[in-house]
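Colleague: Pasting a structure below so you can have a look.
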Amino acid sequence: MMASGSEDQRVQWLSETIQCLICLKHVEDPRLCPRCSKLFCCGCIRQWLQKADDLDGNPSCPNCKSPCGLDNFVKILEGSPLDACRAIVHDLSAPDPTGEGTTRSDPVGAEKIQQHLQKLLLKTKAVYIETDQRVTHELEKQRVFVKQSKDNLIKTINKIVQQELKDIHQQFNAEISKINAKDEIVTNKLHKHQFTLSSIQTTIHENSPEELVNKQADIEKSCATVSNNLKAISLDVEPYSYKSHLIPEASVWKFAVQKYSAVRRTNEVQYSEFVTDDIGSVWRLEIHPNGFEDAKNTSLSIFLQLYNGIEGQYHYSFELLGSSGNHYYEDESYFQLRKGWGQNHFIDLKSLQESFLVDDSIELKFSVRALNLIDKYEKMAKRADLLSTEVGELKKIAYPDCLTQVVTIRNVVEAIKSFACLYSDILIDDIGGRWRLQVYPGGNGECKGQFISIFLELCIGIPNKYEFTVALLHQNEKKVVRKTMEYCIQPTVPFGWKTFLGREELINNGYIQKDALSIRLTIKPPNAAQKLSYLRQYHTYAMESMQPARKDSVISNDSRPSTSQEPLESRMRKTSISFVKNLFTKSSSTDQQGN
């Protein structure tokens, strides 16, 4: 018979209790959330957690949103009270074949349901209105915050720029004051010479030719003195560089080309020494004394070369130093490694010889800088990345691996059922130790049926402290399980993790591919000094093992031919050299996958 009256409510309540919140059907192979006690089908919750993990790596319960994995859900066993509830719901909801227990509609009950739904609709509308107002208010508040942040940033930038302009004006005024002071000094000198010239002019105009004959020597001497003094006046005009907090200061170097006449005849390229700027990039100047390509025999060619460092846009300058003034050139270019940028026709050779060649040598000053502070910071960030890579390589040298190899463990499914132990092939490190993995896919000891257990065994070797890392590989790098431990491992005594990974996660999350597991094993001593010490131990052990065999061979007078005609000492020496050569190198099988 079908349920009626209050029985309908009980049937509905029981039906909702044993209903999966994902598929909205009666649960199959039920799993219970330990936080909110809601039921889910095993297949439904596994698929839900898998999608959540792939999406953002944070699987959680669909109802209470608490972080959890499939292993956290409680499995409801057969024979539990839940089975009885399912049977009751099935019996009460089954149709009556006689048709006698059909429930008639209750008008009073239907009216109450209508009133209940109307109240529910009003509450839902109220929630909607409240949410709409709250969201509008929060968005407006966010707009205000964004505008305030923008205004504050612009205000800060304006302060910086205003201060920078103030500093530049102060530098300008200070430099103008120096120029004005020079102007005053030079003007006074010129006035003195002008007074002398006026006196000479007066003497010439007021004296007769006969009198000038007597004064000729004095006048000529005075004119020569004035000419020499005027020629001696030199202002040494140079380009002025402002110091700025927004524009980075340039790195400046000097370079001199000696015996210019000889190198010009051969046109041998002259290189400066390698110099390093404040970012860490290495530069050098390249000079063609007799010109390059179309500038040959006409001009001095000069280029700046980025030998090593960060490629990018740079501001650079060349300055040829001379006694009567300097020849200057500056530009911005994109520099690539080992390629020079500059000018073919920097200065014509005639002007160079007349104004800049001193004691058969020329002197140049060159500079380079980033375009601005932002550009400099970006280049410094790239340099930091390169340094991080170099540090990583240095760490590999300072903490050298003895062994890094991927092994494949097969027949995993059967081992899970039988709780059997699976062994990897024997792995030989680069200092003489022999290792193997012991894998219990179904768990070991008290962890049987709950976890996969993984142990490392030193089959043959000397007991020492090692750091070993075991990584259970997965197609998704985020799901690779890595565990590291440092331990003084003893021969033939396995050591590792009984609870390496949960059994359900191992089976359901794609670690088993074609009935096999892929595991990467990395073994290394604590540091390079320890590795060298271990190598010496193995070497000593090998020599001690060879000595008794040699004595036995001499005593027995065995006349059989040796497999090698080399003396034993020579072979031992070569073995030692081979050990040392392989100390900081990985074996050729490092990245090969085991069978």
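The values are calculated or read from the model by the stated rules, or taken from the named source; none is laboratory data. As the structure is a computational prediction, the values presented were derived from the model and not from experiment. Cβ placement follows ideal geometry from the backbone for every residue including glycine, while neighbour counts extend to all protein chains displayed. Accessible surface areas use protein heavy atoms only, side chains included; no ligands, DNA or RNA. Shrake-Rupley method; radii C 1.70, N 1.55, O 1.52, S 1.80 Å.
Colleague: Please report the net charge: other residues with Cβ closer than 15 Å to the Cβ of LEU285, K and R +1, D and E -1.
Modeller: So the surrounding residues net to -3.
Colleague: For LYS141, which lysines qualify as cross-link partners when the Cα separation must be under 28 Å and same-chain residues fewer than eight apart are set aside?
Modeller: LYS123, LYS125, LYS150, LYS155, LYS159
Colleague: When ranked by the protection proxy of mean other Cβ atoms within 10 Å per residue, highest first, what sequence do the peptides 117-127, 256-266 form? Walk me through the numbers before you get to the answer.
Modeller: Details: 117-127: 10.0, 256-266: 14.3.
Averaged packing, sorted descending, gives the order 256-266, 117-127.
Colleague: What figure in square angstrom, to the nearest 10, would you give for the accessible area of GLU293 with a 1.4 Å probe?
Modeller: 120
Colleague: Please list ILE452, ILE76, ILE157 from largest to smallest accessible area, probe radius 1.4 Å, with all protein chains kept in place.
Modeller: Greatest to least solvent exposure: ILE157, ILE76, ILE452.
Colleague: Could you rank the peptides 64-73, 212-221 by their average count of other C-beta atoms within 10 Å per residue, with the highest value first? List each step's numbers first, then the result.
Modeller: Working: 64-73: 15.4, 212-221: 11.2.
Those peptides, ordered most packed to least, come out 64-73, 212-221.
Colleague: Taking 8 Å as the Cα distance limit and 6 or more residues as the minimum spacing, I'd like the relative contact order of region 403-533 as a percentage.
Modeller: 30
Colleague: At a temperature of 20 °C and a viscosity of 1.002 mPa s, determine how fast region 403-533 diffuses translationally according to Stokes-Einstein, using the Kirkwood radius over alpha-carbon pairs as Rh; express D in µm²/s, rounded to the nearest whole number. Before the final figure, lay out the partial values.
Modeller: Values: Rh = 15.0 Å.
For the chosen part, D equals 142 µm²/s.
Colleague: Where a ≥ b ≥ c are the square roots of the eigenvalues of the C-alpha gyration tensor, would you call region 303-367 rounded, which needs a/c under 1.5, or, failing that, prolate if a/b is larger than b/c, or oblate?
Modeller: prolate
Colleague: So, one more: Can you compute the FRET efficiency between ASP132 and ASN476 using 1/(1 + (r/R0)^6), with r the Cβ-Cβ distance and R0 = 56 Å? Round to the nearest 0.05.
Modeller: Result of the calculation: an efficiency of 0.90.
Colleague: How do SER37, SER367, SER355 rank by accessible surface area computed with a 1.4 Å probe, from largest to smallest?
Modeller: In descending accessible area the options line up as SER37, SER355, SER367.
Colleague: With every atom except the alpha carbons ignored, what do you get for Rg and Dmax of region 251-379, in angstroms?
Modeller: So, for region 251-379, Rg and Dmax equal 14.7, 45 Å respectively.
Colleague: On to the next question. Which order, highest average first, do 306-316, 160-170 follow once you tally other Cβ atoms within 10 Å for each residue and take the mean per peptide?
Modeller: On the way: 306-316: 18.3, 160-170: 11.5.
Highest mean packing first, the order is 306-316, 160-170.
Colleague: A follow-up question, please. Cross-link list LYS395/LYS483; LYS147/LYS376; LYS51/LYS417; LYS483/LYS524; LYS38/LYS65; LYS296/LYS350: which exceed 18 angstrom alpha carbon to alpha carbon?
Modeller: LYS395/LYS483; LYS147/LYS376; LYS51/LYS417
Colleague: Cα atoms only, region 187-232: Rg and Dmax in Å?
Modeller: 11.5, 36
Colleague: So if we plug the beta-carbon distance of ASP183 and LEU153 into 1/(1 + (r/R0)^6) with R0 = 45 Å, what FRET efficiency do we get, rounded to 0.05?
Modeller: 0.55
Colleague: While we're on this one: Using the Cα centre of region 187-232 as the reference point, and only Cβ charges (+1 on K/R, -1 on D/E), how large is the resulting charge dipole? Debye, rounded to the nearest 20.
Modeller: 400
Colleague: Would you mind calculating the gained length between ALA52 and LEU246 on full extension (0.36 nm times residue separation, minus the Cα-Cα distance), in nm to one decimal?
Modeller: Difference between extended and current length: 65.1 nm.
Colleague: How do SER323, SER351 stack up against each other in accessible area, from largest to smallest, with a 1.4 angstrom probe?
Modeller: SER323, SER351
Colleague: Excluding residues fewer than 8 places away in the same chain, name every one of the lysines whose C-alpha is closer than 27 Å to that of LYS178.
Modeller: Partners within reach: LYS166, LYS189, LYS192, LYS231, LYS243, LYS254, LYS365.
Colleague: Here's a follow-up. Contour minus end-to-end for LEU386 and LEU532, with contour as 0.36 nm per residue of separation and end-to-end as the Cα-Cα distance?
Modeller: Gain in length upon complete extension: 49.7 nm.
Colleague: A further question on this structure: Along Cα→Cβ, 7 Å out, is where each label goes; now give me the distance between the ones at TYR377 and ASN229 in nm to one decimal.
Modeller: Between TYR377 and ASN229, the simple spin-label model gives 5.8 nm.
Colleague: A follow-up question, please. With r defined as the distance between the Cβ atoms of GLN450 and ASP29 and R0 fixed at 22 Å, what FRET efficiency is calculated, to the nearest 0.05?
Modeller: 0.75
Colleague: What does the C-alpha gyration tensor say about the overall shape of region 150-300? Classify as rounded when a/c is under 1.5, otherwise prolate if a/b is larger than b/c, or oblate.
Modeller: Oblate shape, in that a/c is at least 1.5 and b/c is the bigger or equal ratio.
Colleague: With the cut-off at 1.5 for a/c, could you classify region 8-76 from its C-alpha gyration tensor as rounded, prolate or oblate?
Modeller: Prolate, because a/c is 1.5 or more and a/b exceeds b/c.
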